[in-house]
Amino acid sequence: MSNSIDVLADPKSITSEYHAIAEAVCKRLAKNRRVRRRLPGGGRLRMDRQLPFLCLHRGRIDVDKCARELVTTEAAYLFASSDESHHEGLAHLCSAISSAMQEHFGMFLLVEVWADEDQPPASSCPFQFEIVASDAEAMPSTIRVFRESLESIRIGSQAAHVEINHSRPAGMLTVCGRGGTAGRAERAAAKSGCCELGLRVSPVYRDQASGTPFPLVLQNLRRQLALALRKAIAEFTGGQQHQKQRHVDAFGPSSFVKAVGVIDQRLCEVSESYDFLMQLTPVNSAQAWEGFQESRYRTLPPLIYRHLPYHPNLLKRRLFAIEIERVEDPTLAYLFWEKQDEIDRQLTALRDLHHPEVAVGEYSQQSKVLLGSLQLYGAPEHSLVTMATEILERVPAADDSVAKSSRTDQRDDSRRISAEQFAEIARKHLDRYHRRMNEFTATVEISDKIASGVMVSQDRLLIAPDASIAKSRVKPLLHHEIGTHLLTYFNGRCQPLRQLYAGLAGYEELQEGLAVLAEYLVGGLTRNRIRTLASRVLAVHWMVTGDPFATVFARLCDMGFAERQSFSTTLRVYRGGGLTKDLIYLRGLSDLLDYLGTGHEIDPLYVGKIGLSHVPYVQELRRRGIITAPRILPCFWDDAVVRDRLEACRGKSVLDLFENE
């Protein structure tokens, strides 16, 4: 703990100010109202609500800014000057809060955290925690849990070394049991339900010699330390009362503060100012097919893309002007940083879209768009390529009679519907959701901005004017596009966190997994459809490994796919100079089946546009009361047959779904 003097000030005046603050704070806490107070010398007190703990840091306010961030992750924290003139006033304020909270909870835990001023020698472990517990008998299980939690913290590959010190260091704030000798006072306070812990942290988040901070290390440490603190607090409250413990996340911040809302909104505004996939979709697909045919399937004509109505670098300027570092909540900050990185990569890819090599329709393994795509979606892993190969080998295409019927469907208008007819059916389907939730205000548009088929863009269902949809595909399409993509969009719109409808980073994979599973559950995921998804994975694989467009097209034809479909699949993969996104459909379905196979429920996944990797963060935010459960679920969940079919999926692979039918 630092003992440096911040500024010269009248100690009596400072103490008097703390007394006035304590009185005002206790009045608000008595009504369970949120507390946000500035303290003398630049300190701050925050309490989201009535809570049985307070995390305290004292230091040099104008210098040691990193150290105070070790406590600002919590729902009840106080950081203040360590100058001696503040000591008495701070002790009074903390003691008043302790007394007020003991009236409600019967217990109170004060955790004081400070950074080690003296760096350990280079030969010793540079990553250390020291728990100061002068009366360990008062809370043995709390100290044990705290130690185990701290020992699980990792910075890179380095584990923390944790020691326990039973001697209170000079200068540590004494609040509980003030007025007696140290030992007697602490034991008396412990019996009354008030305890104190100290935590000394070695400052691995800054350079040992120069003091230069390492922001990413600090960010990582804050997230892990926050969990360790909450585990200790949960053990303290549960153990002291001999009652069922609440989940540790229940002790985290529950308020969605203004600064978070502003940053969330600004991120959302940037992400919604462009349409990544729309910009990467060529506008001359039909002409390219005709030219490819004329070349006898040897040369892909130049592809034409929409001009960008913005400069990507200027959007990046707006993106990086967003001060995510102001977000104290480590979970929300992590989600924001992750989204900022994704937007940056997308904008880089769009800027590179008009590179000369892309404009003339050429492809290269060094394509900048491809390199960006690999960062966003990755390349097909060996297991995914193996799965796709097995699907095409073991799941037969439609037999001759079905294939013949399918070809007849393409000519027989009685078995297909037009874009206008599908739009009318879609509007009626949307009405079902609107009746369940007034906020579900999606629209249907017949749009020439998409090359073919049907797709969702934010709150709109877009249908290509020349779309001709087989009647057998209508139901699965509705549940894919409306029951998944639009539903998660509007569920996200009902949450305070806008990213849940704009989409957390990498959300598309789970979205497509849910959408394809919906097709299967309503009986619309045909063998040809799953073969198509497998062919996309192989097309991506061949493209990434360097095969030219014509070679991939020929391979797909050899596997039994029609020429027009083979061209469409290959074009999807080679657009923009190389886009690996199409692997996410099969990977998303496979990962979702694995997730369900471990016993997880599917309903929470409809909370918004999230990825499977986000589920722990979303569940944490739900337990903290920041977000809520999904407002509505897909209409097909009303069908008991669909529910039974879902349960039968658990423990199955993608191949299992089709080999047993």
Between Arg564 and Ser210, what is the label-to-label distance in nm when each label sits 7 Å out along the Cα-to-Cβ direction?
-> 6.4
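R0 = 30 Å: FRET efficiency of Glu325 with Glu23, Cβ-based, nearest 0.05? Numbers along the way, then the final one.
Working: r = 34 Å, r/R0 = 1.13.
Approximately 0.35, to the nearest 0.05.
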Compactness of the stretch 583-652, expressed as Rg and Dmax over alpha-carbon positions, Å = 13.1, 35
For Val257, residues with placed amide H under 5 Å, excluding near neighbours = none
What residues qualify as long-range amide H neighbours of Ala115, i.e. H under 5 Å apart, gap of 5 or more or another chain, H built at 1.01 Å from N?
-> Val201
Provide the percentage of antiparallel DSSP beta bridges, counting only those with both residues in the chain; round to the nearest 5.
-> 45
Sequence-separation-based contact order of the stretch 11-249, relative, with Cα cut under 8 Å and 6+ spacing, percent = 21
For the chain, the longest principal axis of the Cα atoms and the Cα long axis of helix 330-352 enclose an angle in degrees, to the nearest 10, of 40
Degrees, to the nearest 10: 382-394 long Cα axis against longest axis of the chain = 30
Inter-label distance, nm, simple model (7 Å from Cα along the C-beta direction), Gln265/Val283 = 3.4
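Just to verify a number: FRET efficiency for Val63 and Asn165, C-beta to C-beta distance, R0 = 35 Å, to 0.05? Walk me through the numbers on the way to the answer.
Numbers: r = 25 Å, r/R0 = 0.72.
Efficiency computed from Cβ-Cβ geometry: 0.85.
Please give the length that would be gained between Glu393 and Asn32 if that part of the chain were fully extended, namely 0.36 nm times their separation in residues minus their C-alpha to C-alpha distance (nm, one decimal). It would help to have the intermediate numbers written out before the result.
Details: separation 361, 0.36 × 361 = 129.96 nm, distance 6.40 nm.
Taking Glu393 through Asn32 to full extension adds about 123.6 nm, to one decimal.
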Starting from the amide H of Phe79, placed 1.01 Å from N in the peptide plane, find each other amide H under 5 Å away whose residue is 5 or more places distant or on another chain.
-> Arg44, His57
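In what sequence, highest mean first, do 155-163, 132-140, 481-489 appear when ranked by Cβ atoms within 10 angstrom? If you can, show how the numbers build up before the last one.
Working: 155-163: 14.0, 132-140: 18.1, 481-489: 24.3.
The packing order, highest mean first, is 481-489, 132-140, 155-163.
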Once the in-chain neighbours fewer than 8 apart are removed, the lysines whose Cα is under 20 Å from Lys368 read Lys316, Lys581
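I'd like the projected area of the stretch 16-69, averaged over all directions, using the convex hull of its alpha carbons. Report it in nm² with one decimal.
Mean projected area of the Cα convex hull: 4.0 nm².
Quick one: divide the alpha-carbon radius of gyration of the stretch 11-249 by 2.2 N^0.38 Å and tell me what you get.
Numbers: Rg = 17.1 Å, N = 239, 2.2 N^0.38 = 17.6 Å.
So the Cα radius of gyration is 0.97 times the expected 2.2 N^0.38 Å.
Beyond 44 Å, how much of the Cα-Cα pair distribution for the chain remains, as a whole percent?
Details: 76387 of 218130 pairs.
In whole percent, the long-distance tail amounts to 35.
Kirkwood Rh over Cα pairs of the stretch 250-382 into Stokes-Einstein at 20 °C, 1.002 mPa s: D in µm²/s?
Numbers: Rh = 17.3 Å.
Calculated translational D: 124 µm²/s.
Treating only the Cβ atoms of Lys and Arg (+1) and Asp and Glu (-1) as charged, compute the dipole magnitude of the stretch 11-249 about its Cα centre; round to the nearest 20 debye. Can you show the working numbers first?
On the way: 32 positive and 26 negative charges, 220 e Å.
The dipole of the stretch 11-249 has a size of about 1060 debye.
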What is the distance, in nm, between label points placed 7 Å from the Cα along the Cα-to-Cβ direction at Arg306 and at Val615?
-> 3.4
One finds, for Leu374 and Arg436 with R0 = 41 angstrom and r their Cβ-Cβ distance, a FRET efficiency to the nearest 0.05 of 0.55
Stretch gain in nm, segment Ser273-Arg298, where the contour uses 0.36 nm per residue and the Cα spacing is subtracted | 5.2 nm
Acute angle (nearest 10 degrees) that the helix 508-521 long axis makes with the longest principal axis of the chain, alpha-carbon atoms = 60
Per residue, the convex hull volume that the Cα atoms of the stretch 417-547 enclose (Å³) | 125
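None of the figures in this text is laboratory data; all of them are computed from the coordinates on show. Given the structure is predicted, the values throughout are model-derived calculations rather than measurements. Here the Cβ is made from the backbone with ideal geometry for all residues, glycine too, and neighbour counts use every protein chain on show.
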